[in-house]
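What follows is a set of notes on a single structure, which appears directly below.
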Amino acid sequence: MIQIKGLCKSFGRLQVLKDIYLHVREGEKVTIIGPSGSGKSTLIRCINALEEPTEGEVFLNGEPLLRTTRTWLVRTYCAMVFQQFNLYPHMTVLQNITLAPVRLQKKKKAEAEEIAYHYLDVVGLRDKAGAYPATLSGGQQQRIAIARALATRQKILLFDEPTSALDPEMVQEVLDVMIRLSRESITMVVVTHEMGFARQVADRVIFLDSGVIVEEAPPEEFFEHPRNERTGAFLSKILR
């Protein structure tokens with residue numbers, strides 16, 4: 001579903017990503033971990049065309065992300081959950097979730113609302129359909145953001161550190177939703193600092209450091225027997 005070839009990304013003189021090659025199969029769950037500033041968020045934003053690569057290519061379902069096609073391709077295949085929720089404060093929960101299906105996918109309002117209520121049930125917040133984001137906790141807002149992404153019914157779901165802005169007691173309620181989603185056929189790419197989550201749901205864990213993929217492996221191999229010295233040093237600090 002996702003193919004990246006020779007991806008480089010620079011901001012001025014700062015090179016953030018360096019010659020990235022990555023393939024994600026349909027239905028695969030991939031987690032990306034690494035220290036702050038390693039390029040994780042930039043990588044996932046390049047997949048979603050929120051950043052334009054300096055060099056290299058990104059393909060979604062075999063189609064290249066070009067300037068002339070990237071908007072259509074991303075709207076066709078991708079949905080994204082951000083760190084900061086990004087809910088529209090002047091809209092109710094239901095309006096936030098139905099906006100993209102109605103405006104971009106041209107669904108009838110009744111159909112979009114039926115889909116929205118289904119995914120509100122999935123995240124356990126059907127009773128908040130008429131609420132405004134400011135009245136919800138951070139964990140609830142992020143669960144709504146996940147429902148909003150799911151309501152587009154895309155094949156690829158991208159998560160950019162979805163728990164990093166949450167208080168510790170709210171983290172698990174969001175992770176529980178994501179764990180349930182991991183059992184579905186959706187292709188998921190998750191940037192995260194939650195090692196337990198990565199170990200539990202990932203088909204493959206990728207360690208990114210200084211803009212380079214240092215190591216990638218199934219979770220049991222990655223966490224128990226890291227091959228790279230830098231990976232081992234990172235895990236020893238994170239897991240102690």
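The values are calculated or read from the model by the stated rules, or taken from the named source; none is laboratory data. Bear in mind the structure is a predicted one, so any value in this text is a computation, not a measurement. Virtual Cβ from ideal backbone geometry, glycine too; neighbours counted across all protein chains shown. In case anyone asks, the SASA skips ligands and DNA or RNA and just uses the protein heavy atoms, side chains included. Shrake-Rupley method; radii C 1.70, N 1.55, O 1.52, S 1.80 Å.
Assorted remarks:
- Flag for Val214 being part of a strand (DSSP E or B), open to solvent by 10 Å² or more (accessible area, probe 1.4 Å), in contact with a Lys or Arg (Cβ under 9 Å, 6 or more places away or on another chain) and at pLDDT 95 or above: yes
- Hits in segment 147-159 - residues which are open to solvent by 10 Å² or more (accessible area, probe 1.4 Å) and touching a Ser or Thr at 6+ places or on another chain (Cβ under 8 Å): Gln154, Lys155
- Residues located in segment 87-115, provided they are closer than 18 Å to Gly138 by Cβ, crowded, with 18+ Cβ neighbours inside 10 Å and in contact with a Leu (Cβ under 8 Å, 6 or more places away or on another chain): Val93, Asn96, Ile97
- Checking each residue in segment 165-203 for being surrounded by fewer than 16 Cβ atoms within 10 Å (Cβ to Cβ), among the small types (Gly, Ala, Ser) and in a helix (DSSP H, G or I) picks out only Gly196.
- Taking the criterion of being out of contact with any Leu (no Cβ under 6 Å at 6 or more places or on another chain) and open to solvent by 70 Å² or more (accessible area, probe 1.4 Å), the residues of segment 118-138 that qualify are His118, Asp121, Asp127, Tyr132, Ala134, Thr135.
- Residues that are over 17 Å from Met91 (Cβ atoms), touching a helix residue (DSSP H, G or I) at 6+ places or on another chain (Cβ under 7 Å), without any contact (Cβ under 8 Å) to a residue 60 or more places away in the chain and not hydrophobic (A, V, I, L, M, F, W, C), drawn from segment 127-174: Ser137, Gly138, Gly139, Thr163, Asp167, Glu173
- Evaluating Glu221 against the criteria (1) surrounded by 22 or more Cβ atoms within 10 Å (Cβ to Cβ); (2) out of contact with any strand residue (DSSP E or B) (no Cβ under 6 Å at 6 or more places or on another chain) leaves one unmet condition, (1).
- Close contacts from segment 175-195, counting a first residue that is closer than 28 Å to Gly37 by Cβ and free of Cβ contacts under 8 Å to residues at least 40 places away in the same chain and a second that is among the aliphatic types (A, V, I, L, M) and open to solvent by 10 Å² or more (accessible area, probe 1.4 Å), with Cβ to Cβ under 6 Å and a gap of 6+ residues or different chains, come to Ile179/Val201.
- Summed over segment 11-63, residues that are among the small types (Gly, Ala, Ser) and surrounded by 15 or more Cβ atoms within 10 Å (Cβ to Cβ) total 6.
- Selected residue (criterion: farthest from Pro133 (Cα to Cα)) from residues of segment 64-81 that are surrounded by 16 or more Cβ atoms within 10 Å (Cβ to Cβ) and either β-branched (Val, Ile, Thr) or touching a residue at least 24 places away in the same chain (Cβ under 8 Å) (or both): Leu73
- Of all the criteria given as (1) at pLDDT below 95; (2) surrounded by 17 or more Cβ atoms within 10 Å (Cβ to Cβ), the one not satisfied by Ile144 is (1).
- When Gln84 is tested against (1) of a type outside the set (Asp, Glu); (2) under 23 Å from Ile2 (Cβ atoms); (3) open to solvent by 50 Å² or more (accessible area, probe 1.4 Å); (4) under 17 Å from the mean Cα position of the chain (by Cα), exactly one condition is not met: (2).
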